[in-house]
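Reviewing the structure listed below.
The values are calculated or read from the model by the stated rules, or taken from the named source; none is laboratory data. The structure presented is a predicted model; accordingly, all values stated were derived computationally and were not measured. Cβ: placed from backbone, ideal geometry, glycine included. Neighbour counts: every protein chain shown. Accessible surface is based on the protein model in full, side chains and every heavy atom, while ligands, DNA and RNA are left aside. Shrake-Rupley method; radii C 1.70, N 1.55, O 1.52, S 1.80 Å.
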Amino acid sequence: PQLLNGLQYGVLLFLLAAGLTLVFGIMSFINLAHGSLYMLGAYFAATAFEMSGSFTVAVIAALAGCVLVGFLLEKLAVSRLYGRDHLDHVLATFGMVLFFNEMARIIWGPQPYFLPVPAFLESTVNLFGITYPAYRFAIITVGLAVAVGAHLLMHKTRLGMLIRAGAVNPKMVGALGVNIRLLNALLFGLGAALAGLAGVMAGPILSIQAGMGEPVLITALVVIVIGGIGSVSGAFYASLVVGVADTLGRAFLPMLLREVMSREVANAAGPALASMLVYVLMAVVLALRPQGLFPARRS
């Protein structure tokens, strides 16, 4: 079960990291507000579910709301920062994080929201003799489907070809008549949709509250560094590695430490060391392969 939990956490990370690595690697824009889109997706879904009682409506509301917010952000602020230094990106999007967190507290209040598991996924499934919650298995299925769809989009469609070409030489692509600004807006909107989808899928297993996007954003940044900036397939593989390593570390590291030290010390040190595991993994990858394990091909 812990391996499946790690896989489920990994695909959730992928939904967030995929949009982040596209914007970061292809548009060369550092978007710290990506975690805020994840938070808004969860809030939009919870609000829509309260009003309609339908999980399907909640998913549609999360996707539509995040795409709309993403397009507005890109039009009003992000598009003005493309030619600026990365420090300007960080400062501007950090300001957006503060704005969205305060806006969430004003609109939804400080108390956490909870999105119930849809009725048709409240059961369990039997996987190789292991009983596993159907909703968590659905998260894995959705994440894998998105991974396949993202691969086909990037490598089998004209839009994907333009995105990859624009990453290598945007001036040449623009000279050929392609609207680079529209392409960037579509890419930013796609990233916002994936963040919103991650938010609504995480809603039933996490509490929805202001600031929930920052911790997962940090882990998503670790994922894209390990996988390779700008590589969707790299983000997918790295998400699975990080998800499984983090989950197994939290589950088994305290037990292993009990073999060599007292129970009290092991219980205190185990979770702390487990939380550091993904950062140690990132440091090792940066030392051995600074470009990441699965860097994007630029040809």
What Rg and what Dmax come out for region 194-283 when only alpha-carbon atoms are used, in angstroms? 15.2, 45
Working from Cα positions, state the angle (0 to 90°, nearest 10) between the long axis of helix 158-168 and the longest principal axis of the chain. 90 degrees
Once amide H atoms are built 1.01 Å from N in the peptide plane, which residues 5 or more positions from Thr124, or in another chain, come under 5 Å H to H? Ala134
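Given R₀ = 41 Å, what would the calculated FRET efficiency be for Leu3 paired with Ala175, taking r from the Cβ atoms and rounding to 0.05? Please report the intermediate quantities before stating the final value.
Numbers: r = 50 Å, r/R0 = 1.22.
My answer for the efficiency is 0.25.
Over region 1-210, with the other protein chains present, what is the accessible area per residue in square angstrom, probe 1.4 angstrom?
Details: 9800 Å² over 210 residues.
Heavy-atom SASA per residue in region 1-210 reads 47 Å².
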Principal-axis tilt of helix 232-257 within the chain, Cα atoms, nearest 10 degrees: 20 degrees
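Return the FRET efficiency for the residue pair Ala64, Ile130: r is the Cβ-Cβ distance, R0 is 41 Å, and the value is rounded to the nearest 0.05.
Working: r = 36 Å, r/R0 = 0.88.
Using R0 = 41 Å, I get an efficiency of 0.70.
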I want the local charge near Ala269. Using Cβ-Cβ distances under 12 Å, sum +1 for each Lys or Arg and -1 for each Asp or Glu among the other residues. +1
Tilt of helix 213-227 relative to the longest C-alpha principal axis of the chain, in degrees (0 to 90, nearest 10)? 80 degrees
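Using a Förster radius of 51 Å, what is the FRET efficiency between Ser275 and Leu152 based on their Cβ-Cβ separation? Nearest 0.05, please. Walk me through the numbers before you get to the answer.
On the way: r = 35 Å, r/R0 = 0.69.
According to the calculation, E is roughly 0.90.
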Check Leu293: other-chain or 5+ apart residues with amide H under 5 Å from its amide H, H built from backbone geometry? Gly227, Gly228
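Rounded to a whole number, what % of the accessible area of the chain do carbon and sulfur atoms account for, probe 1.4 Å?
Numbers: 10010 of 14420 Å².
Summing carbon and sulfur atoms, their accessible area is 69 percent of the total for the chain.
Determine, for each peptide in 212-222, 197-207, the mean count of other beta carbons within 10 angstrom over its residues, then list the peptides with the highest first.
On the way: 212-222: 20.7, 197-207: 24.5.
With the highest mean Cβ count within 10 Å placed first, the list reads 197-207, 212-222.
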Please list, by residue number, every one of the trypsin sites (Lys or Arg not before Pro) in region 238-289 that is coil in DSSP and has at most 11 other beta-carbon atoms within 10 Å. none
The farthest towards the positive end of the charge dipole of the chain, of the residues Ala193, Leu253, Leu206, given +1 on Cβ of Lys and Arg and -1 on Cβ of Asp and Glu, is Ala193
With labels modelled as points extended 7 Å from the Cα through the Cβ direction, what inter-label distance (nm, one decimal) is found for Tyr82 paired with Ile107? 2.7 nm
How far apart, in nanometres, would the label points at Leu144 and Phe71 be if each is projected 7 angstrom from Cα along the Cα-to-Cβ direction? 3.3 nm
Difference of contour (0.36 nm per residue) and Cα-Cα distance, Ser123 to Val260: 45.3 nm
Over region 1-210, one equal point on each Cα, no solvent: what is log10 I(q)/I(0) by the Debye formula at q = 0.08, 0.14, 0.18 Å⁻¹? -0.30, -0.87, -1.27
